[in-house]
Amino acid sequence: MSTVSTRRTPGASQRHPAPGRPVPAKGSPRQPPRAALSRPLFDPLAAVRAANDPRWDVYLTGTVFLDIIFTGLDSAPVRGTESWARGMGSSPGGIANMATALARLGLRTSLAAAFGDDMYGDYCREELETGEGIDLSLSHTVPGWHSPVTVSMAYEGERTMISHGHEAPPKNAATAYDPDAPECPPPATACVSSLVPGRTQEWIATAARRGSRIFADVGWDETGRWDLAALAELPDCEAFLPNAAEAMRYTRAETPQAAAHALAEHVPVAVVTMGADGAYAVDARTGATASVPGIQVEALDTTGAGDVFVAGFVTGSLAGWPLADRLAFAGLTAALSVQEFGGSLSAPGWPEIAAWWRGAGAGNPGCRHYGFLDRILTNCSASTPPRRAVPTLGFRERED
């Protein structure tokens, strides 16, 4: 269950988590930066960076949710009864899932999002900016707007979610956290988005004209039309990464592989994810194809796995890896993420990737697709323990 697409609603941006820690009161000094967490231990783009590259590797925008995740449920909740979960976590979610996955893989990530001026918003902003090292200079805080919330229940390898929130008012001088911030999108090597049928996102075309490489997935088409022409930004994309169900509906193909080839007539790189069966990709520019099986793992929570897959593929693409290596790496990062609960907190970093390869991966005949990691991980340490969600927004600081 390594490449499961895990989107919430059509067009809804991806989800991510963060650890529990004290939430500073409004107006109080910021906590000292957690340098070990906000500075990537490994830069996968070091070999290809140039002096005139944009400041940001990746730009993305969307809605940040506060995610509250319950795990260890034996079954779905039953009407009229009370269910107890064996595990619980809280973290930033929504687009924060994708942003955190990108940042943990060492990409310089800029996120434009609205934050409520409640404790949830403070918590999410602090975790993303200080905890993950994500640039939020294009984000803003909206006075009087409460943060969107999602409660996710994981059981039997699946999940059920309940969300509540209101659309944030548009950013302006009266509500902006930083009204003098430059207009979106900023110069960035790549941009990541989720295409929405029938809804134009003008910033994507603007970014593409400026030279950004666009990577996009798509949500479920609730209109039922499944018309590729309704995805206005598809021609601007370098890569399109739907799951198998979405790809086959959009192309009327009978198999994921046929759907990928059909999509490659509309976009340079088409990637179709197939859950536990892995993923298949077609590069229309070179004619190359790649197929990588899924890594068999026991999934605790699939929240955000689709976002982590995209982040892994973007990382490999910007680093210039071959198509098969990009596909394998994306599947590996997704497989590592589903073994922990939460969206953003479950996203793996390079120490976890290195630990997997030097443990379960290397020497395993079933992991031959990942041999390229020997070259990638030469200077990467596997000693730093990952952070995981805890069942609270943050513990109070103890007074000495």
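Taking the range 159-168 on its own, how many of its residues are surrounded by fewer than 14 Cβ atoms within 10 Å (Cβ to Cβ) and not in a strand (DSSP E or B)?
Restricting attention to the range 159-168, the residues satisfying the condition of being surrounded by fewer than 14 Cβ atoms within 10 Å (Cβ to Cβ) are 160, 162, 164, 166-167.
Among the residues that remain, those that are also not in a strand (DSSP E or B) are: 166-167.
Within the range 159-168, residues that are surrounded by fewer than 14 Cβ atoms within 10 Å (Cβ to Cβ) and not in a strand (DSSP E or B) number 2.
How many residues does the range 318-329 hold that are more than 17 Å from Glu352 (Cβ to Cβ) and in contact with a strand residue (DSSP E or B) (Cβ under 7 Å, 6 or more places away or on another chain)? Write out each step before concluding.
Residues of the range 318-329 that are more than 17 Å from Glu352 (Cβ to Cβ), as a first pass: 318-327.
Within this subset, residues satisfying the condition of being in contact with a strand residue (DSSP E or B) (Cβ under 7 Å, 6 or more places away or on another chain) are 318, 323-324, 327.
Number of matching residues: 4.
Would the range 313-325 turn up any residue that is buried (at least 24 other Cβ atoms within 10 Å of the Cβ), at pLDDT 95 or above and assigned to a strand (DSSP E or B)?
No - not one qualifying residue is present in the range 313-325.
Could you list, in sequence order, the residues of the range 196-221 that are within 20 Å of Pro242 (Cα to Cα) and aromatic (Phe, Trp, Tyr)?
Phe215, Trp220
Suppose we filter Val314, Val310 for residues that are within 25 Å of Leu345 (Cβ to Cβ) and in contact with a Leu (Cβ under 6 Å, 6 or more places away or on another chain); which single one remains? Full working, then the answer.
Details: Val314 fails: in contact with a Leu (Cβ under 6 Å, 6 or more places away or on another chain).
Just one listed residue meets the conditions, Val310.
Against the condition closer than 15 Å to Lys171 by Cα and assigned to a loop (DSSP other than H, G, I, E, B), how does Gly133 come out, does it pass? Even if it seems obvious, please write down each step before you answer.
Numbers: closer than 15 Å to Lys171 by Cα: no; assigned to a loop (DSSP other than H, G, I, E, B): yes.
Here the answer is no, as Gly133 does not meet what is asked.
Taking only the range 91-109 into account, find how many residues are farther than 30 Å from Ala47 by Cα and in contact with an Asp or Glu (Cβ under 7 Å, 6 or more places away or on another chain).
Restricting attention to the range 91-109, the residues satisfying the condition of being farther than 30 Å from Ala47 by Cα are 91-94.
Filter once more, so that each one left must be in contact with an Asp or Glu (Cβ under 7 Å, 6 or more places away or on another chain): 91-93.
Going through the range 91-109 one residue at a time, the tally reaches 3.
Residue by residue, here is whether (1) in a loop (DSSP other than H, G, I, E, B); (2) in contact with a Ser or Thr (Cβ under 6 Å, 6 or more places away or on another chain) holds:
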{"position": "Leu45", "(1), (2)": "yes, no"}
{"position": "Arg49", "(1), (2)": "yes, no"}
{"position": "Asn52", "(1), (2)": "yes, no"}
{"position": "Val58", "(1), (2)": "no, yes"}
{"position": "Asp67", "(1), (2)": "no, yes"}
{"position": "Phe70", "(1), (2)": "no, no"}
{"position": "Asp74", "(1), (2)": "yes, no"}
{"position": "Val78", "(1), (2)": "yes, no"}
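For Gly359, all conditions in the list (1) at pLDDT below 85; (2) in contact with a Gly (Cβ under 9 Å, 6 or more places away or on another chain); (3) not charged (D, E, K, R) hold save one; what is the number of the exception?
(2)
Which condition breaks for Leu241 when tested against (1) under 30 Å from Cys367 (Cβ atoms); (2) touching a helix residue (DSSP H, G or I) at 6+ places or on another chain (Cβ under 6 Å); (3) surrounded by fewer than 19 Cβ atoms within 10 Å (Cβ to Cβ)?
Among (1) under 30 Å from Cys367 (Cβ atoms); (2) touching a helix residue (DSSP H, G or I) at 6+ places or on another chain (Cβ under 6 Å); (3) surrounded by fewer than 19 Cβ atoms within 10 Å (Cβ to Cβ), Leu241 violates only (3).
Regarding the range 88-102, can at least one residue be identified that is at pLDDT below 95 and part of a loop (DSSP other than H, G, I, E, B)?
No, because not a single residue in the range 88-102 is at pLDDT below 95 and part of a loop (DSSP other than H, G, I, E, B).
Six or more apart or on different chains, Cβ atoms under 6 Å: show the pairs whose first residue is in the range 66-88 and of a type in the set (Val, Ile, Thr) and whose second is modelled with pLDDT under 85 and in a strand (DSSP E or B).
Ile69/Gly89; Thr71/Gly87; Thr71/Ala154
Residues being surrounded by 24 or more Cβ atoms within 10 Å (Cβ to Cβ) and either without any contact (Cβ under 8 Å) to a residue 24 or more places away in the chain or of a type outside the set (Val, Ile, Thr) (or both): count how many of those fall in the range 257-273.
Taking the range 257-273 first, the residues surrounded by 24 or more Cβ atoms within 10 Å (Cβ to Cβ) are 259-260, 263, 269-273.
Now narrow it down to the ones that are either without any contact (Cβ under 8 Å) to a residue 24 or more places away in the chain or of a type outside the set (Val, Ile, Thr) (or both): 259-260, 263, 270.
The qualifying residues number 4.
Among the strands (runs of 3 or more DSSP E) lying completely within the range 204-308, list those that include at least 2 residues that are hydrophobic (A, V, I, L, M, F, W, C) and modelled with pLDDT under 95.
On the way: elements: 213-218, 269-273, 279-283, 289-292.
Qualifying strands (runs of 3 or more DSSP E): none found.
Among the residues of the range 317-336, which ones are in contact (Cβ under 8 Å) with a residue 60 or more places away in the chain and either of a type in the set (Asp, Glu) or at negative phi (or both)? Give the derivation first.
Of all residues in the range 317-336, those in contact (Cβ under 8 Å) with a residue 60 or more places away in the chain come to 317-320, 330-335.
Result: Ser317, Leu318, Ala319, Ala330, Gly331, Leu332, Thr333, Ala334, Ala335.
Of the residues in the range 49-82, how many are of a type in the set (S, T, N, Q), modelled with pLDDT of 90 or more and closer than 14 Å to Met153 by Cβ?
First pass over the range 49-82, keeping only residues of a type in the set (S, T, N, Q): 52, 61, 63, 71, 75, 81.
Filter once more, so that each one left must be modelled with pLDDT of 90 or more: 52, 61, 63, 81.
Okay, now just the ones that are also closer than 14 Å to Met153 by Cβ, so 81.
The number of residues fulfilling the criteria is 1.
Identify all residues within the range 99-123 that are crowded, with 24+ Cβ neighbours inside 10 Å, under 17 Å from Thr150 (Cα atoms) and in contact with a Leu (Cβ under 6 Å, 6 or more places away or on another chain); write none if there are none.
Scanning the range 99-123 gives a single hit, Tyr123.
Taking the condition of being part of a loop (DSSP other than H, G, I, E, B), touching a residue at least 40 places away in the same chain (Cβ under 8 Å) and either at negative phi or not small (Gly, Ala, Ser) (or both), how many residues in the range 141-158 meet it? Lay out the reasoning, then the answer.
Applying the first criterion (part of a loop (DSSP other than H, G, I, E, B)) to the range 141-158 yields 143-148, 156-157.
Narrowing the set further to residues that are touching a residue at least 40 places away in the same chain (Cβ under 8 Å) leaves 147-148, 156-157.
With either at negative phi or not small (Gly, Ala, Ser) (or both) added as a condition, the list becomes 147-148, 156.
Residues in the range 141-158 being part of a loop (DSSP other than H, G, I, E, B), touching a residue at least 40 places away in the same chain (Cβ under 8 Å) and either at negative phi or not small (Gly, Ala, Ser) (or both): 3 in total.
The values are calculated or read from the model by the stated rules, or taken from the named source; none is laboratory data. Keep in mind that what you see is a predicted model, and the values were worked out from it rather than measured. Backbone-built Cβ (ideal geometry, glycine too); neighbour counts: all protein chains shown.
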